[in-house]
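One structure below.
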């Protein structure tokens, strides 16, 4: 018996259903139900909350979310081999687990929300950053979810929480820092997974925060794409790709032009994004 419910230990579930992790699906299964329960608790009480989970696999985190009191879990699983194991979890928690067989990259997650909704997932490593970027660029903002609690490779986690001057500061750090409060909750060692990945992982907790209205996220992304497009270059050079008078753009953010994108505060990128439509109209 496992420590959180009456279902079999995860290793038995994996063996019984032949769930060998597939590299092409970005799978690394968590076997420790105490660890999955710890992940489930990162965002606080789940009472009354609908949780969306991506890539549940054999259901270790799914079970933890349900055992910790989630009102309902909506699990999106592309791997048909995992569906029988998830059906056993559904039987153990009647009426509280809905499994959607399909591609997580093609879901409209807003349609899955119902009342208080959070996203909690051990994301497939090959699509994790893409999914996160999609959630962080949603309009309108704040979005439908109360929070994101997500597993990433440690290097990706550091990019999410990076601040100006940090080695990992880049486009993802600007986007996350502008629209959310993000923190690394804890690291997860390689040995926690089957098969063990080549690097350490980390759980990141992300909470949306209000931002000014009228500043489209696409403009901020255009500025950061240009600014970080030539790493370690002065922004006067890298911003030329935007096709507007660079000196006017720099003036909007009170920049000299010899700075590097890796050192700029988030507000500088926002100031340039605000100025971009007017400068294009003048051109």
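Read-outs: derived from the displayed coordinates by stated rules, not from any lab. Just so you know, these numbers come straight off a predicted model, no measurement behind them. Ideal geometry is used to build each Cβ from the backbone, glycine not excepted, and the neighbour counts take in all protein chains shown.
Relative to the first principal axis of the alpha-carbon coordinates of the chain, what is the inclination of helix 83-92, with its axis defined by its Cα atoms, in degrees from 0 to 90 and to the nearest 10?
70
Between segment 199-226 and segment 241-263, what's the alpha-carbon centroid distance in Å?
With segment 199-226 and segment 241-263 each reduced to a Cα centre, they are spaced 20 Å.
Once you order the gyration tensor axes a ≥ b ≥ c over the Cα atoms, which shape class does segment 130-248 get: rounded for a/c under 1.5, otherwise prolate or oblate by comparing a/b with b/c?
Working: a/c = 2.71, a/b = 1.49, b/c = 1.82.
Here segment 130-248 falls in the oblate category.
Taking other Cβ within 10 Å of each residue's Cβ, how do 241, 201 sort, fewest first?
Least to most surrounded, the residues fall as 241, 201.
Within the chain, what percent of beta bridges assigned by DSSP are antiparallel, to the nearest 5? Before the final figure, lay out the partial values.
Details: 18 of 35 bridges.
Approximately 50 percent, going by the DSSP bridge assignments.
Using only DSSP helix segments of four residues or longer, with each worth -39500 (n - 2.57), what per-residue ellipticity at 222 nm results for the chain after dividing by its residue count and rounding to 500?
Mean residue ellipticity, 222 nm, calculated: -10000 deg cm²/dmol.
Go through 226-234, 34-42 and give me the packing order, highest mean Cβ count within 10 Å leading.
34-42, 226-234
Please work out which option in (1) 28, 24, 19; (2) 40, 19, 15; (3) 33, 32, 16 gives semi-axes √(5λ) of the Cα gyration tensor in Å calculated from these coordinates, and answer with its label.
Matching the structure shown: (2).
List 50, 11, 260 from most exposed to least, where exposure is judged by having the fewest other Cβ atoms within 10 Å.
Going from least to most buried by this count: 11, 260, 50.
Among 268-279, 207-218, how do they line up by average Cβ neighbours within 10 Å per residue, starting with the highest?
So the peptides 268-279, 207-218, ranked by packing, come out 268-279, 207-218.
With a/c under 1.5 counting as rounded, go ahead and sort segment 217-282 into rounded, prolate or oblate using the C-alpha gyration tensor (a ≥ b ≥ c being the square roots of the eigenvalues; past the cut-off, prolate if a/b is larger than b/c, else oblate).
rounded
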